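Contents: one structure, followed by commentary.
The values are calculated or read from the model by the stated rules, or taken from the named source; none is laboratory data. Everything quoted here is computed from the prediction, not taken from an experiment. Cβ placement follows ideal geometry from the backbone for every residue including glycine, while neighbour counts extend to all protein chains displayed. These accessible areas exclude ligands, DNA and RNA; they are computed on the full protein's heavy atoms, side chains included. Shrake-Rupley method; radii C 1.70, N 1.55, O 1.52, S 1.80 Å.
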Amino acid sequence: MKLYFSPGACSLSPHIALREAGVEPELVRVDLATKKLADGGDYLAINSKGYVPALQLDDGTILTEGPAILIYIVQNLARTPLGPKEGMGLVRLVEWLNFIATEIHKGFSPLFKPNCPQEWKAVAKENLLKRLQWVDGQLAQRTWLLGEEFSVADVYLYVCSRWTSFAKIDLAAFPALARFADKMTQRPAVQAAIEAEGLKR
Ligand SMILES: N[C@@H](CCC(=O)N[C@@H](CS)C(=O)NCC(=O)O)C(=O)O
């Protein structure tokens with residue numbers, strides 16, 4: 001199984017989830033600026049959308065879109081549960097994944113774009129802080145996003161929380177989120193993925 005990734009980007013979330021599932025993926029690094037692979041290959045031939053992550057299954061099938069890949073891992077690969085596979089439980093998981101993808105992940109995006117006007121960045125940051133505040137309130141009441149059950153939604157939120165330092169957001173302002181991120185960092189799958197992506201400080 002091949003995971004197309006860029007160090008520390010949102011592709012870290014399926015990377016961690018795969019390791020949580022007991023799968024060590026073959027990592028293929030993508031240069032997001034040139035859309036080239038380490039061997040000079042064309043990433044656009046793998047994922048014509050040009051962004052990571054993409055997961056290539058052993059039969060050659062390519063999956064894209066982080067939340068869809070996470071659901072695939074939950075339903076097909078996890079040896080120990082990484083979230084509900086069906087019914088209302090799955091609906092709740094998708095509810096969280098969509099929130100993280102559209103409100104948190106994409107909330108950070110303008111802050112990373114050098115060509116984004118400062119006024120736009122300021123508005124984006126204000127909105128993102130509101131969302132982080134809300135998540136902080138949720139985490140103050142539960143162990144994991146789904147309650148007592150650890151899931152791929154926690155992995156995705158953790159990966160986004162790592163971007164706060166780059167965005168000059170003090171995680172200490174969100175104590176429950178900071179505790180959650182700390183707890184996530186202790187997990188062996190997280191440590192292994194961070195090491196494999198060369199992110200260990
Ligand atoms: N909708 C996509 C978004 C993925 C995404 O934003 N990937 C970023 C890294 S976190 C990327 O590759 N950006 C480079 C680009 O868009 O050219 C998903 O959920 O998987």
- Message: As an exercise: evaluate Ser109 against (1) assigned to a loop (DSSP other than H, G, I, E, B); (2) within 13 Å of the ligand (Cβ to nearest atom); (3) open to solvent by less than 40 Å² (accessible area, probe 1.4 Å) and give the number of the one condition it does not meet.
- Response: (1)
- In segment 130-182, which residues are under 26 Å from Gln118 (Cα atoms) and exposed (fewer than 15 other Cβ atoms within 10 Å of the Cβ)? Lys130, Gln133, Trp134, Ser165, Phe166, Lys168, Asp170, Ala172, Ala173
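Of all residues in segment 112-129, how many are in contact (Cβ under 8 Å) with a residue 24 or more places away in the chain and open to solvent by less than 40 Å² (accessible area, probe 1.4 Å)? Talk me through it step by step, then tell me what you get.
Going residue by residue through segment 112-129, those that are in contact (Cβ under 8 Å) with a residue 24 or more places away in the chain are 112, 125, 128-129.
Subset that is open to solvent by less than 40 Å² (accessible area, probe 1.4 Å): 128.
Number satisfying all stated conditions: 1.
Assess whether Leu97 counts as being aliphatic (A, V, I, L, M), open to solvent by 20 Å² or more (accessible area, probe 1.4 Å), modelled with pLDDT of 95 or more and not assigned by TED's automatic domain parsing to the domain that holds Ala45. Talk me through it step by step, then tell me what you get.
Details: aliphatic (A, V, I, L, M): yes; open to solvent by 20 Å² or more (accessible area, probe 1.4 Å): no; modelled with pLDDT of 95 or more: yes; not assigned by TED's automatic domain parsing to the domain that holds Ala45: yes.
The answer is no for Leu97.
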- Within segment 38-66, how many residues are open to solvent by less than 50 Å² (accessible area, probe 1.4 Å) and either among the polar types (S, T, N, Q) or in contact (Cβ under 8 Å) with a residue 24 or more places away in the chain (or both)? 11
- Going through segment 3-18 in order, the residues found to be more than 9 Å from the ligand (Cβ to nearest atom) and in a loop (DSSP other than H, G, I, E, B) are Pro7
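Within segment 84-94, can you find the residues that are open to solvent by less than 30 Å² (accessible area, probe 1.4 Å) and not in a helix (DSSP H, G or I)? Don't jump to the end; show me each part of the working.
Filtering segment 84-94 down to residues open to solvent by less than 30 Å² (accessible area, probe 1.4 Å) leaves 84, 89, 93.
Passing the criteria: only Pro84.
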